[in-house]
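Novice: I have a structure here, written as structure tokens, and I will follow up with some questions on it.
The values are calculated or read from the model by the stated rules, or taken from the named source; none is laboratory data. Bear in mind the structure is a predicted one, so any value in this text is a computation, not a measurement. Heads up, the Cβs are rebuilt from the backbone with ideal geometry, glycines too, and the neighbour counts pull from every protein chain shown.
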Amino acid sequence: MTAATLAAGLTLALAVPAAAAPAAAAHLQPWQLVGPNSAGGHLAFTPDRPARLYVLPDTGRSVYRTDDHGDTWMTQGALGPTGYAIAADPRDGDVVYVAALDQVTGTGEVLRSDDAARTFRTVATSPGGLSSVVVSGTGEDVFVAGEAGVLTSTDHGRHWAKLPGSPTGVTDLALDGDELYLTTGAEIHVVDDALARPELPRKLGVPGTPYLTSLSAGDGVVVGSGVLGSGVLSTDAGRTFRTLTGPWGADDAAAFTGLTADGSLEVQTIGSAQPDGSPGTRGVWLSRDRGRTWTDHPAATGAVDLYSEIGAFPDRPQEEVVSGPAGIFSTRDSASFKRIGVPDTEVNALATAGPALLAATGSGTYRSTAPLATHLPRGYQDWGWTGKAPGTFANSVGALADVSAKTVLRVRQGYCEVDCFTLERSGDGGTTWSPLATVPGNSRSLVVDPRHSGTVYAGSYLTPAVYTSHDGGRTLTQHAIPGLDGVRSLAADPRGTLWIGDVTGLYRSTDGATTASKVFDGEVAHVAVDPRDPRHVVVAGSGFVKVTRDGGATFRTATGLGSADYSDATFTHDGTLYVSSGTKYEPGRGVFRSTDGGTRFAALPTQPLDRDVRTLLPAPDGRWLFAGTGAGVYRLPLR
């Protein structure tokens, strides 16, 4: 990427929500990112703007910025390369660096923004991916590291060179005064006098054979940890290291280590896995005396689940900011937490339950009434915070199905010796959930028979099958239909036909999934039945959208779309048809509309900032079209 990724005029200012638009101009209105605040990421603070925080989400596709301690967030266009680390200039809060990787070429790129992350440009490249970046207190010296070693700039990022003697395979950097520490996994090196006359990297003695992916350093303390391994600690500027120990179990892993704003040492530990495969007991520990004594914070894991990074706003040093897989949180006592961001999460499915919108994500189901309101209220990006973050492991929700205004079903990945999912029910509009049945496989498809609300179908794509239930989901029966290799979508019509979208093609069953016949070949992502005419069916898939008006006797390929992966299709009450383009592995093309039932489509004149649209849902009252993307939920006024 050698040019700005998006003009500043396309920046989406989330703090200024729009009201519903007149029907004639509805599709010309901008899409609004409405949340949910359910994604973590990498943190970058700057003393120059003490209320500002940049977050590079774990997806690595864009940068979010708050200028008001997390009350509102702004996001810009896509980075292009995938970002893995972020740092801001302490003296100029508008200057931001991202360490990135071009997934196509395998080239590492140093991205720089001079306009507060609105646009980025490439200022340096590396033969391999880059995964860490640090900036000195003056902003003059910048270090970026990755597979090919360490790049350095001594003039505020204008010119770059390879750090002499740098080892390869660097996973993280930490700067403490003039000392630059770097880890290559099993080793830690230090560059003495790194800001003036850098010496050659010097290998330090580390006990055991840890695999270190993160380092923190400050005031002579250096601490490192990896993925479910033991951490290492030095309290004498790296001259000696010891295995990190504390009051936790001897076999517990140091999943996270870091230093707080006041220099305290913070550690999260995880015990051995339970017999059912679920993660072991977790703890968050704080030491104010360099690891000699520790204080346990048992409420922290319930609120955040897993720690990935910590920091603090410069004007609020006593308020810790914690990044976890399901959000960015702030706390003053490690007991009560506030979720402050960020609205960047992969959305698998959407549903409405009475006055609320539900979003199925990789970290559970989120619920909010704000997206259905004419004017978005304060805090509209934060959905349903209860003081307890959803679990990180085995909590991916693949599909939702509404039964009534208050009753909703969902399928969630479960804990089993082999892949399995659990069908769950909510009787309070998605606020709480109860398990019904657990079966082998994994699921992204769920539908309720429109003739009998107690008949439920769930598709599986790891154990290819269709599961049926005639008691509201309390029991499920597996139907391993010949030919199925991965069910991705199900649709049921009032005539008794069940449409099965599989990675091998479209199938049709008229006996409740006991048997099915193949209609056509192709990788099907979604099947939609026109609620006004069950013989009108639309099938979206890899490279096509096909339409039938005779119940499947014949299908015609829609025009006006072009070659792309199409992910969803939905009808509004007036018969307008929308399809979306999105996939986990390729850039999406956004949302298309047809006013003739799917014969011809045209791209909407405005698009969500994230065009990787996975799922679509019109509001029950027809006022909004919601799009679940790879980075949150957007809404568009329809009238």
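Novice: Can you report the number of residues in segment 196-223 which are among the polar types (S, T, N, Q) and surrounded by fewer than 20 Cβ atoms within 10 Å (Cβ to Cβ)? Step through it out loud before you land on a result.
Specialist: Within segment 196-223, the first condition is being among the polar types (S, T, N, Q), and the residues that meet it are 209, 213-214, 216.
Remaining after also requiring surrounded by fewer than 20 Cβ atoms within 10 Å (Cβ to Cβ): 209, 213.
So the answer is 2.
Novice: Now a separate question. Residues that are more than 30 Å from Trp31 (Cα to Cα) and in contact with a strand residue (DSSP E or B) (Cβ under 7 Å, 6 or more places away or on another chain): does segment 64-84 have at least one? Please lay out each step first, then the result.
Specialist: Filtering segment 64-84 for residues more than 30 Å from Trp31 (Cα to Cα) gives none.
Among the residues of segment 64-84, not one is more than 30 Å from Trp31 (Cα to Cα) and in contact with a strand residue (DSSP E or B) (Cβ under 7 Å, 6 or more places away or on another chain), which makes the answer no.
Novice: I need a count of the residues in segment 513-522 that are under 35 Å from the mean Cα position of the chain (by Cα) and in a loop (DSSP other than H, G, I, E, B).
Specialist: Residues meeting the conditions: 2.
Novice: May I pose another question? Within segment 563-619, which residues are of a type in the set (Asp, Glu), surrounded by fewer than 17 Cβ atoms within 10 Å (Cβ to Cβ) and within 21 Å of Pro81 (Cβ to Cβ)? Walk me through it before giving the result.
Specialist: As a first pass, look at segment 563-619 and keep what is of a type in the set (Asp, Glu): 565, 568, 574, 586, 596, 610, 612.
Subset that is surrounded by fewer than 17 Cβ atoms within 10 Å (Cβ to Cβ): 574, 586, 596.
Hit for segment 563-619 is Glu586, nothing else.
Novice: Quick check on segment 385-395: of everything there that is surrounded by fewer than 19 Cβ atoms within 10 Å (Cβ to Cβ) and small (Gly, Ala, Ser), which residue is nearest to Ser363 (Cα to Cα)?
Specialist: Per the stated criteria, the residue is Gly391.
Novice: To continue, here is another question. Which count do you get for residues in segment 35-66 that are surrounded by fewer than 24 Cβ atoms within 10 Å (Cβ to Cβ) and either in contact with a Cys (Cβ under 9 Å, 6 or more places away or on another chain) or of a type in the set (A, V, I, L, M) (or both)?
Specialist: 2
Novice: Against the definition (surrounded by fewer than 20 Cβ atoms within 10 Å (Cβ to Cβ) and assigned to a strand (DSSP E or B)), how does Pro435 come out, yes or no?
Specialist: Working: surrounded by fewer than 20 Cβ atoms within 10 Å (Cβ to Cβ): yes; assigned to a strand (DSSP E or B): yes.
Criteria met by Pro435.
Novice: Take the conditions closer than 17 Å to Ser323 by Cα and either within 25 Å of the chain's Cα centre (by Cα) or surrounded by 17 or more Cβ atoms within 10 Å (Cβ to Cβ) (or both) and apply them to Thr235. Does it pass?
Specialist: Working: closer than 17 Å to Ser323 by Cα: no; either within 25 Å of the chain's Cα centre (by Cα) or surrounded by 17 or more Cβ atoms within 10 Å (Cβ to Cβ) (or both): yes.
Against the criterion (closer than 17 Å to Ser323 by Cα and either within 25 Å of the chain's Cα centre (by Cα) or surrounded by 17 or more Cβ atoms within 10 Å (Cβ to Cβ) (or both)), Thr235 does not qualify.
Novice: Kindly indicate whether any position in segment 295-302 is more than 22 Å from Leu409 (Cα to Cα), surrounded by fewer than 21 Cβ atoms within 10 Å (Cβ to Cβ), of a type in the set (A, V, I, L, M) and touching a residue at least 60 places away in the same chain (Cβ under 8 Å).
Specialist: no
Novice: I'd like the full set of residues that are among the small types (Gly, Ala, Ser), over 15 Å from Val98 (Cα atoms), assigned to a strand (DSSP E or B) and touching a residue at least 12 places away in the same chain (Cβ under 8 Å), limited to segment 139-189. Reasoning before the result, please.
Specialist: So the first thing to find is which residues in segment 139-189 are among the small types (Gly, Ala, Ser), and the list is 139, 145-146, 148-149, 153, 157, 161, 165-166, 169, 174, 177, 185-186.
Among the residues that remain, those that are also over 15 Å from Val98 (Cα atoms) are: 148-149, 161, 165-166, 169, 174, 177, 185-186.
If we keep only those that are assigned to a strand (DSSP E or B) as well, we get 149, 161, 174.
Correct list: Gly149, Ala174.
Novice: Closer than 23 Å to Glu319 by Cα, hydroxyl-bearing (Ser, Thr, Tyr) and under 22 Å from the mean Cα position of the chain (by Cα): which single residue out of Thr386, Thr422, Thr361, Thr431 fits that description?
Specialist: Working: Thr422 fails: closer than 23 Å to Glu319 by Cα; Thr361 fails: closer than 23 Å to Glu319 by Cα; Thr431 fails: closer than 23 Å to Glu319 by Cα.
Checking each option against the conditions leaves just Thr386.
Novice: Oh, and also: Which of (1) surrounded by fewer than 20 Cβ atoms within 10 Å (Cβ to Cβ); (2) at positive phi does Glu319 not meet, given it meets every other one?
Specialist: Every condition holds for Glu319 apart from (2).
Novice: Quick check, is Phe313 in contact (Cβ under 8 Å) with a residue 40 or more places away in the chain and under 17 Å from Leu43 (Cα atoms)?
Specialist: Values: in contact (Cβ under 8 Å) with a residue 40 or more places away in the chain: yes; under 17 Å from Leu43 (Cα atoms): yes.
The answer is yes for Phe313.
Novice: Hey, does segment 384-399 have a residue that's more than 16 Å from Asp305 (Cβ to Cβ), among the hydrophobic types (A, V, I, L, M, F, W, C), part of a strand (DSSP E or B) and in contact with a helix residue (DSSP H, G or I) (Cβ under 8 Å, 6 or more places away or on another chain)? Quick ask: steps written out before the conclusion?
Specialist: Applying the first criterion (more than 16 Å from Asp305 (Cβ to Cβ)) to segment 384-399 yields 398-399.
Going one step further and asking which of them are among the hydrophobic types (A, V, I, L, M, F, W, C), we end up with 399.
Next, from what is left, pick out any that are part of a strand (DSSP E or B): 399.
When the remaining residues are screened for being in contact with a helix residue (DSSP H, G or I) (Cβ under 8 Å, 6 or more places away or on another chain), the result is none.
No, the conditions are met nowhere in segment 384-399.
Novice: Here's another thing I want to ask about it. Output the residue which, of all residues in segment 506-560 that are over 24 Å from Gln478 (Cβ atoms) and of a type in the set (Ser, Thr, Tyr), is surrounded by the fewest Cβ atoms within 10 Å (Cβ to Cβ).
Specialist: Looking at residues that are over 24 Å from Gln478 (Cβ atoms) and of a type in the set (Ser, Thr, Tyr), I get Thr554.
Novice: Do we have Asp315 as at pLDDT 95 or above and of a type in the set (D, E, K, R) here? Walk me through it before giving the result.
Specialist: Working: at pLDDT 95 or above: yes; of a type in the set (D, E, K, R): yes.
It is true that Asp315 is at pLDDT 95 or above and of a type in the set (D, E, K, R).
Novice: OK, next. Mind listing just one residue for me: the one in segment 443-466 that is among the polar types (S, T, N, Q) and buried (at least 19 other Cβ atoms within 10 Å of the Cβ) and, of those, nearest to Ala349 (Cα to Cα)?
Specialist: Restricting attention to segment 443-466, the residues satisfying the condition of being among the polar types (S, T, N, Q) are 443, 445, 453, 455, 460, 463.
Subsequent filtering for residues that are buried (at least 19 other Cβ atoms within 10 Å of the Cβ) retains 443, 445, 455, 460, 463.
Numbers: Ser443: 12, Ser445: 9, Thr455: 20, Ser460: 15, Thr463: 21 Å.
Across segment 443-466, the extreme among qualifying residues is Ser445.
Novice: Evaluate segment 474-491: report whether one residue or more is under 20 Å from Ala569 (Cβ atoms), within 27 Å of the chain's Cα centre (by Cα) and among the polar types (S, T, N, Q).
Specialist: Yes, because at least one residue in segment 474-491 is under 20 Å from Ala569 (Cβ atoms), within 27 Å of the chain's Cα centre (by Cα) and among the polar types (S, T, N, Q).
Novice: Within segment 440-489, how many residues are assigned to a strand (DSSP E or B), within 25 Å of Ala540 (Cα to Cα) and of a type in the set (Val, Ile, Thr)? Steps first, please.
Specialist: Within segment 440-489, the subset assigned to a strand (DSSP E or B) is 440, 445-448, 456-460, 465-469, 477-479, 487-489.
Add one more test, that the residue is within 25 Å of Ala540 (Cα to Cα), and what stays is 445-448, 456-460, 465-468, 479, 487-489.
Restricting the remaining residues to those that are of a type in the set (Val, Ile, Thr) gives 447-448, 456, 466, 468, 487.
Of the residues in segment 440-489, 6 are assigned to a strand (DSSP E or B), within 25 Å of Ala540 (Cα to Cα) and of a type in the set (Val, Ile, Thr).
Novice: Scanning segment 349-384 for residues that are hydroxyl-bearing (Ser, Thr, Tyr) and surrounded by fewer than 19 Cβ atoms within 10 Å (Cβ to Cβ), which turns out farthest from Phe337 (Cα to Cα)? Walk me through how you get there before you give the answer.
Specialist: First, the residues of segment 349-384 that are hydroxyl-bearing (Ser, Thr, Tyr): 352, 361, 363, 365-366, 368-369, 374, 380.
After this cut, where a residue has to be surrounded by fewer than 19 Cβ atoms within 10 Å (Cβ to Cβ) as well, the list is 369, 374.
On the way: Thr369: 22, Thr374: 29 Å.
Looking at the filtered set, the residue picked out is Thr374.
Novice: Ok, one more. Please indicate, with yes or no, whether at least one residue in segment 543-554 is in contact with a His (Cβ under 9 Å, 6 or more places away or on another chain), on the phi < 0 side of the Ramachandran plot and assigned to a strand (DSSP E or B).
Specialist: Yes, there is a match, as at least one residue in segment 543-554 is in contact with a His (Cβ under 9 Å, 6 or more places away or on another chain), on the phi < 0 side of the Ramachandran plot and assigned to a strand (DSSP E or B).
Novice: Got at least one residue in segment 334-347 being touching a helix residue (DSSP H, G or I) at 6+ places or on another chain (Cβ under 7 Å), polar (S, T, N, Q) and in a loop (DSSP other than H, G, I, E, B)?
Specialist: Initial filter on segment 334-347 (touching a helix residue (DSSP H, G or I) at 6+ places or on another chain (Cβ under 7 Å)): 334-335, 337.
Filter once more, keeping what is polar (S, T, N, Q): 334.
Narrowing the set further to residues that are in a loop (DSSP other than H, G, I, E, B) leaves 334.
Among the residues of segment 334-347, at least one is touching a helix residue (DSSP H, G or I) at 6+ places or on another chain (Cβ under 7 Å), polar (S, T, N, Q) and in a loop (DSSP other than H, G, I, E, B), which makes the answer yes.
Novice: Would you kindly identify the strands (runs of 3 or more DSSP E) lying entirely within segment 91-138 that contain at least 3 residues that are closer than 15 Å to Gly60 by Cβ and of a type outside the set (S, T, N, Q)? So that I can check it myself, show each step before the final result.
Specialist: Numbers: elements: 96-101, 108-113, 121-126, 130-135.
Filter on segment 91-138 gives 96-101, 108-113.
A quick yes/no check of all residues on (1) in contact (Cβ under 8 Å) with a residue 60 or more places away in the chain; (2) charged (D, E, K, R); (3) closer than 27 Å to Thr369 by Cα:
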| site | (1), (2), (3) |
| --- | --- |
| Gly430 | yes, no, yes |
| Tyr467 | no, no, no |
| Gln478 | no, no, no |
| Pro482 | no, no, no |
| Arg488 | no, yes, no |
| Arg495 | no, yes, no |
| Ile500 | no, no, no |
| Phe520 | no, no, no |
